[in-house]
């Protein structure tokens with residue numbers, strides 16, 4: 001089933017929704033479809049009405065569901081919850097968040113985490129449907145191991161992406177006079193890699209694409 005067919009199916013489902021309700025279809029190829037009573041469209045950086053914001057780095061995008069870029073302890077919404085679109089074979093600049101962070105990977109991903117007790121970087125391979133919980137101020141870098149765009153769902157306590165404590169990089173930690181955090185972030189930077197897919201993962205990805213096409217054609 002083509003993307004257009006998937007849009008038609010989602011539009012049909014959304015046509016009876018109450019005003020203000022929306023449907024999102026998160027496809028295994030990382031493309032995101034969005035629909036309400038007004039119609040269906042693909043959510044992406046090509047759409048000026050998508051509301052996408054730059055997400056830490058170039059080529060990475062965020063769409064807020066709860067909270068917004070200005071969320072902070074002084075302007076609270078308790079937490080932010082957003083959809084992230086991660087470019088193929090890419091990884092975010094290593095950073096640490098001022099609050100707790102949870103990420104649900106909807107495709108093949110990776111996350112490098114700094115283990116302060118053992119003073120080393122732990123690389124975690126994430127398969128579709130895996131959620132990782134990252135404590136406050138733990139240096140990390142999230143990556144997309146696949147050749148398609150990766151959709152993620154991310155929740156942060158207390159901070160939107162405009163706040164200075166949302167993503168503290170090594171350079172920001174240096175400016176703050178925190179050499180220990182800066183050194184840990186540089187270790188994550190040295191170990192950073194998006195990684196690749198195994199043969200089994202590539203086969204599973206093709207099967208998910210085929211299943212999505214069948215679902216779109218119901």
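The values are calculated or read from the model by the stated rules, or taken from the named source; none is laboratory data. Only a predicted model underlies this, so the values are computations on that prediction, with no experimental measurement involved. Neighbour counts run over all protein chains shown; Cβ positions are idealised from the backbone, glycine included.
Okay, here's what the table says:
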{"quantity": "Condition met for residue 155 (surrounded by fewer than 22 Cβ atoms within 10 Å (Cβ to Cβ) and under 15 Å from the mean Cα position of the chain (by Cα))", "calculated": "yes"}
{"quantity": "Answer from 20, 16, 30 - the residue that is at positive phi and without any contact (Cβ under 8 Å) to a residue 40 or more places away in the chain", "calculated": "20"}
{"quantity": "From the options 129, 67, residue that is in the same structural domain as residue 185 (by TED's automatic domain parsing), at positive phi and exposed (fewer than 15 other Cβ atoms within 10 Å of the Cβ)", "calculated": "129"}
{"quantity": "Count - residues of the stretch 1-28 that are buried (at least 17 other Cβ atoms within 10 Å of the Cβ) and in contact with a helix residue (DSSP H, G or I) (Cβ under 6 Å, 6 or more places away or on another chain)", "calculated": "5"}
{"quantity": "Close pairs (7 angstrom Cβ cut-off, 6 or more residues apart or separate chains): closer than 19 Å to residue 144 by Cβ in the stretch 183-194, part of a helix (DSSP H, G or I) anywhere", "calculated": "189/170"}
{"quantity": "Entirely in the stretch 1-104, the strands (runs of 3 or more DSSP E) that have 3 or more residues that are modelled with pLDDT of 85 or more", "calculated": "23-26, 32-36, 39-43, 57-66, 79-86"}
{"quantity": "Options 183, 191: the member that is outside the structural domain of residue 13 (by TED's automatic domain parsing), touching a strand residue (DSSP E or B) at 6+ places or on another chain (Cβ under 6 Å) and surrounded by fewer than 17 Cβ atoms within 10 Å (Cβ to Cβ)", "calculated": "191"}
{"quantity": "Residue within the stretch 92-112 that is without any contact (Cβ under 8 Å) to a residue 40 or more places away in the chain, touching a strand residue (DSSP E or B) at 6+ places or on another chain (Cβ under 6 Å) and surrounded by 15 or more Cβ atoms within 10 Å (Cβ to Cβ) present", "calculated": "yes"}
